[in-house]
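This report concerns only the one structure given below.
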Amino acid sequence: MSADDTPGPKREIPGSSGPVLVFLAVLGLALWMLAQSWQASILDRYEFRQLQTALSIFWMQQEGFRLDYLTPLFGPPWSIPMEFPTYQACVAGLSSLLDLPLEQAGRMVSVIFYLATLPAVYGLLVLAELSPSRRLLALAVVMSSPIYLFYPRTVMIETTALCFAVWFLYAMQRTLQSRSWRWLAATCIFAVLAALTKITTFAVYAVPAAIIALAALRRDSRRDGVLTWVGAGRPAMFAALPVALALGGALWWIAHGDSLKHSNPFAGFLASTELRRWNYGPWALRLEPSFWQHLLANVTQNLLSEGALALSLVCASLASARARWIALTCLAGFFFGPLVFANLYHIHDYYYSANALLLTGAAGVLLASAWDNPRLTAAPRWVIVGVMLVLQLHAFDRGYHYYYWKEAPPPPDLATVIRETVPVDAVVLISGDDWNPLLPYYAQRRAVMVAGGRDQEPNVLDDVVSRLPPRSVAAMVLVGDKVRQDATLVRARAERFGLSTRPFASSDNADLYLPLDAIASAATHLAGRKFLTARVLVTPAGELPMASAKETDTGSLNLALCVPAPFRARSQFGVSLGSIDGLPVLYAHAPSELYFQPPPSARGFSAIAGLPAETFAKPAPEATDGVVVEIFEQQPNGLRRSLLRRHLTPAIRATDRGAQELTYDNGGPFSGPLVFTISPGPEGNLSYDQAYWARIEIR
């Protein structure tokens, strides 16, 4: 049979149970793997892309479905349409219908679309003239690909686009075979959905579709052995119409999205005209050896392992001519993706979710065809299948499996602080984090993100903010040292939006600023709350809680090590002078507080604190579990602001042993007394917490 003959399904032949069992085993294993870490956060791999998609879904649930769906990161009109919201609408609908958490609903929809792809692949395998059981064997190879054991459980559009694209290809094949108008309608629908959902995925499958169409045109243009184009008109129309509609729909959507993005000065960089080089990459990239090395690494690590690739080449020598032709057609589509969208494939491995099916499908076709080669006895067949699947699982284990056993980070606590202190209808201004959706998504608040380092363009920010209702900006987040330490920027923003010039809460890399009139109520609301990755700097609490507080007469102590001297010392066990290695110290067992009135011009302080060696010399439980050293500013409104905090755990962390230098410079005068506190560790255990101060200087 020649390559352009109409293929027909092959009858089942003896020995079908083995391939069927292999398919069922791989399907069961794949479903089990995809169900792992189901409740984990989406902060595992390419969380930026997952968060952006999840953010759009969240706001679709809040506002209802709309073509100009919200991704509120840059201000009005709040919409930056990237892909058509097919996947997002499905997730929002399923989440609301079944009352499922958004992220779990997103994973479920991704898996459903992935599984819905398999029947279309099974139908397409008829082109290789494989019997039903052999087609299942080829499907098993596809499902064993590491990339399909991971990405179908992410909150991403990849499997949705893949499903529509593969069904477009299958419907195209059926249309050209049957000349059915119904199949033509289905082909058009799937083509348009695939192109709108993700044009780069549709483009990959347009290549094998074109090859199938050309083969059909060649076949139908022959009459009595003579080439005639009269008979090719109808199949040509059947092939061209779906593609034309798909491209027309995609171009309309891109133009519509660009108009919305250009309507906001902060979002214009996401327009297709601005992303052309990012999407395609320079032509020279395709000629660089590193490009091909990276492509090969992606293939062998994430798609088809080195050994499985070698076994596929062995099977090619044993497969039928028809199977080899189908495999070459698949390879043409596979290479089309990275060759056209070179930069996208070079940077993001999830783009291979689109074309990995073609590569693994080619391997599956060759294996399934070789299975029936009479030169292979039963033992070699099973060895090849078994080794190929084991090698695929090994490739998964050395790559994506890491994201299953590694615990995904929890949502950031700073987002929780924002969600509980910023009004629902308010806007958060964020600088220093580009357009990372992490905080806006978990905070569930609209944001104006100053992307691309444009913080020194206040006129642009004013243009965006002028489109908001008055006093909409109710919080500011500065991410990264560059903007956090920009005192001029902080003062200008604080004055512009009525914010405090000092942060209300902080994490390791970000500060949250609130309006002056909102700080007291926010501090009261969060009083007593403990966070792992964020710290509320303002508290309504006054003195540290103590079982039996003692007041020490500071005048009776020679406190030359303190400048100025404290005017109050409060503790549970008392404070006393002593020495460590000849160094004068003030012992202050936790819990304890020293109160200082800073000089009028004081802007910072330095201190030395620590725990004596004997407090951690023995193993637990005869050792301290650590103390918290924290310095507060007592504000006129009765609130305390944390200026510096250190958790010292010398029993388990060598760097916390010995005298610890503490320094602070706030850039402005203090507004009230400073309170130097030592409190027990997080467990509240007071044993062996005999801490000390060696020097305190407020300057």
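All of the numbers you see were taken from the coordinates with simple rules; none came from a lab. Note that the coordinates shown come from a computational prediction; the quantities given were computed from them, not determined experimentally. Here the Cβ positions follow ideal geometry from the backbone for every residue, glycine too, while neighbour counts run over all protein chains shown.
Using 0.36 nm per residue, how much length does the chain from T377 to Y46 gain when fully extended, once their Cα-Cα distance is taken away?
Gain in length upon complete extension: 114.7 nm.
What ³J(HN,Hα) values, in whole Hz, does the Karplus curve 6.51 cos²θ - 1.76 cosθ + 1.60 give for the range 38-53 when θ = phi - 60°, with x put for Gly and Pro?
5, 8, 5, 5, 8, 8, 10, 9, 6, 4, 4, 6, 5, 5, 4, 5
Strictly greater than 21 Å: what percent of every Cα pair in the range 413-539 meets that?
Cα-Cα pairs in the range 413-539 separated by more than 21 Å: 32 percent.
On a full-extension model of 0.36 nm per residue, what is the gain between R276 and L31, subtracting their alpha-carbon distance, rounded to one decimal in nm?
Here the answer is 84.5 nm.
What ³J(HN,Hα) values, in whole Hz, does the Karplus curve 6.51 cos²θ - 1.76 cosθ + 1.60 give for the range 618-632 when θ = phi - 60°, with x put for Gly and Pro?
Values, residue by residue: 9, x, 4, x, 8, 8, 5, 8, x, 10, 10, 9, 9, 10, 10 Hz.
Give me log10 I(q)/I(0) at q = 0.24, 0.27, 0.31 Å⁻¹ for the range 317-372, Debye formula, one equal scatterer per alpha-carbon, no solvent.
So the normalised log intensities are -0.83, -0.95, -1.13.
For the chain, take the longest principal axis of its alpha carbons; what is the angle in degrees between that and the long axis of helix 306-318, to the nearest 10 within 0 to 90?
0
Tell me the angle of helix 86-98 to the major Cα principal axis of the chain, expressed in degrees between 0 and 90 and rounded to the nearest ten.
Here the helix axis deviates by roughly 70 degrees.
With charges set only on the Cβ (+1 for Lys and Arg, -1 for Asp and Glu), what does the dipole of the range 42-404 come to about its Cα centre, in debye to the nearest 20?
Charge dipole, the range 42-404, about its Cα centre: 1200 debye, nearest 20.
Any idea how far apart R496 and A520 come out in nm if each label point goes 7 Å out from Cα toward Cβ?
For the pair R496/A520, the computed spacing is 2.8 nm.
Per Stokes-Einstein, at 20 °C and 1.002 mPa s, what whole-number D in µm² s⁻¹ belongs to the range 464-612, with the Kirkwood radius over Cα pairs as the hydrodynamic radius?
Roughly 114 µm²/s, to the nearest whole number.
Measure out, as a whole number of angstrom, how far apart the alpha-carbon centroids of the range 676-691 and the range 281-302 sit.
56
Sort the following peptides by mean Cβ neighbour count (other Cβ atoms within 10 Å, averaged over residues), highest first: 245-254, 52-61, 320-329.
52-61, 320-329, 245-254
Using only Cα atoms and rounding to the nearest 10 degrees, what angle (0 to 90) does helix 378-398 make with the longest principal axis of the chain?
30
How much length is gained on full extension from L296 to L97, taking 0.36 nm per residue of separation minus their Cα-Cα distance?
67.3 nm
Among the trypsin sites (Lys or Arg not before Pro) in the range 454-486, which ones are in a DSSP loop with at most 16 other Cβ atoms within 10 Å of the Cβ? Mind listing them?
R454, R467, R471
How high is the relative contact order of the chain, given as a whole-number percent (alpha carbon pairs under 8 Å, six or more residues apart)?
11
Rounded to the nearest 0.05, what FRET efficiency do I580 and S556 give with R0 = 25 Å and r taken as the Cβ-Cβ distance? Could you check?
Efficiency computed from Cβ-Cβ geometry: 0.70.
Sort the following peptides by mean Cβ neighbour count (other Cβ atoms within 10 Å, averaged over residues), highest first: 309-316, 176-183.
309-316, 176-183
Give me the mean projected area, in nm² to one decimal, of the convex hull enclosing the Cα positions of the range 42-404.
20.2
Using 1/(1 + (r/R0)^6) with R0 = 51 angstrom and r between the beta carbons of R603 and Y403, what's the FRET efficiency to the nearest 0.05?
Efficiency at R0 = 51 Å is approximately 0.65.
Tell me the mean residue ellipticity at 222 nm calculated for the chain from its helices only (DSSP H runs of n ≥ 4, each -39500 (n - 2.57), averaged over every residue, nearest 500).
-14500 deg cm²/dmol
Aspartates and glutamates near K261 by alpha-carbon distance under 20 Å, same-chain residues fewer than 8 away left out - which ones?
Hits, sequence-local ones excluded: E63, D68, E83, E274, D433, D434, D455, E457, D462, D463.
Find the relative contact order for the range 447-525 and round it to a whole percent, using C-alpha pairs within less than 8 Å whose residues are 6+ positions apart.
26
What net charge is computed for the residues neighbouring L31, neighbours being all others with C-beta under 13 Å from the C-beta of L31, Lys and Arg scored +1, Asp and Glu -1?
Around L31, the surrounding residues sum to +2.
Could you check the simple spin-label distance between R646 and F269, using points 7 Å along Cα→Cβ, in nm with one decimal?
The two pseudo-label positions are separated by 3.8 nm.
Quick one: Debye curve from the C-alpha atoms of the range 65-166, no solvent, what's log10 I(q)/I(0) at q = 0.11 Å⁻¹?
One equal scatterer on each Cα of the range 65-166 leads to -0.44.
When the Kirkwood radius is taken over all Cα pairs of the range 550-698, what Stokes-Einstein diffusion coefficient follows at 37 °C and 0.692 mPa s, in µm²/s?
Diffusion coefficient, whole number: 211 µm²/s.
Kindly state, to the nearest 0.05, the FRET efficiency for W283 paired with S671, given R0 = 51 Å and r defined as their beta-carbon distance.
Computed FRET efficiency for W283 and S671: 0.25.
Which residues' amide hydrogens lie under 5 Å from the amide hydrogen of L429, considering only partners 5 or more residues apart or on another chain, with H built in the peptide plane?
Result for L429 returns V448, A474, A475, M476, V477.
With charges only on Cβ, +1 for K and R and -1 for D and E, what is the dipole size of the chain about its Cα centre, in debye, rounded to 20?
It works out to roughly 2180 debye.
Here is the link list: K198/K482; K530/K550; K406/K482. Which ones come out longer than 29 Å on Cα distance?
Beyond 29 Å between Cα atoms: K198/K482; K406/K482.
In the set (i) 1.10; (ii) 1.24; (iii) 1.15, which value of Cα Rg over 2.2 N^0.38 Å was calculated from the structure you see?
(ii)
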